[in-house]
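Data block below; observations after.
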Amino acid sequence: MSEQPQTPNDRLVHTRTIPVSAEKIFALLADPRRHHETEPGDWVRGAIDDAPITAAGQVFSMDMYLDVVGGAYRIDNTVTTFDPPHAIGWDPGQADEAGRIIPGGWSWRYDLKETDAGTEVTLTYDWSATTKATREEFGGFPPFPAEFLDASLESLERAVTAEDGS
């Protein structure tokens, strides 16, 4: 039996207004082949298959790399929210021998709201369901500084505005 998380509401929430439509941002987020463009480092390496995200319950897998967990690894993400063009989110996990996805206890979610200035993008990273053992394996949670979310939103903005030549 795994231990429960130490605190019930562990999460980071960051917001940035990006001067493009929610549809354009959502399209990038629904394309796992482009997820490496949404993070400022080299953690997300690439999509394992080319299928776009089209529904809650779908699983999409990514090649990842993080030194603290031994380098290269695969993550299997279960889509938990799919509401074009308003929200998209997933729970990362890993498949067991039977192919069942075992969630890691953390989630990513993007909420998109059109404004006069573009689209307000709220990125939430929630690790409230992460066990003590997983937290220790990663060297603590979150496994990045809080500023990582701001940098991720900046990366997302660069990716979607480059499409427009903005």
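List the GluC sites (Glu not before Pro) in the stretch 1-107 that DSSP assigns to loop (not H, G, I, E or B) and whose Cβ has at most 16 other Cβ atoms within 10 Å. Which are they?
Loop-located and lightly packed - Glu3, Glu97.
Quick check for you: with a 1.4 Å probe and neighbouring chains kept, what is the accessible area per residue of the stretch 67-166, in Å²?
On the way: 4830 Å² over 100 residues.
Here the residues of the stretch 67-166 average 48 Å² of exposed surface.
Where the accessible area of the chain is counted over protein heavy atoms with a 1.4 Å probe, how much of it, in %, is carbon and sulfur?
48 percent
How many angstrom lie between the Cα centre of the stretch 33-52 and the Cα centre of the stretch 122-141?
21 Å
Pull up all non-local amide H partners of Arg45: gap of 5 or more, or a different chain, and H-to-H distance under 5 Å with H placed in the peptide plane.
Residues meeting the amide H criterion: Asp63, Met64, Tyr65.
Kindly provide the helix-only [θ] at 222 nm of the chain, computed as the sum of -39,500 (n - 2.57) over DSSP H runs of four or more divided by all residues, to the nearest 500 deg cm²/dmol?
After summing the helix terms and dividing by residue count, I get -6000 deg cm²/dmol.
Compute, for the chain, the length of the dipole vector about the Cα centre, with Cβ point charges of +1 (Lys, Arg) and -1 (Asp, Glu) only. Units Debye, rounded to 20.
So the magnitude is around 220 debye.
Give the angle, between 0 and 90 degrees and rounded to the nearest 10, that separates the Cα long axis of helix 147-164 from the longest principal axis of the Cα atoms of the chain.
In the chain, helix 147-164 runs at an angle near 40 degrees to the longest axis.
Over all alpha-carbon pairs of the chain, lay out the pair-distance distribution in 10 Å bins, whole %, shortest bin first.
10, 39, 37, 12, 2, 0
Quick one: what does P(r) look like for the stretch 53-128 with 10 Å bins over all Cα pairs, in whole %?
18, 43, 28, 10, 1
Relative contact order of the stretch 1-144: what whole-number percent is it, with Cα pairs under 8 angstrom and at least 6 residues apart?
Once normalised by length, the contact order is 28 percent.
The values are calculated or read from the model by the stated rules, or taken from the named source; none is laboratory data. A quick note: this is a predicted structure, and the numbers were derived from the prediction, not measured. Glycine also receives a Cβ, built like all others from the backbone with ideal geometry; neighbour counts cover every protein chain displayed. Note: accessible area is taken over every heavy atom of the protein model, side chains too, but ligands, DNA and RNA are not part of it. Shrake-Rupley method; radii C 1.70, N 1.55, O 1.52, S 1.80 Å.
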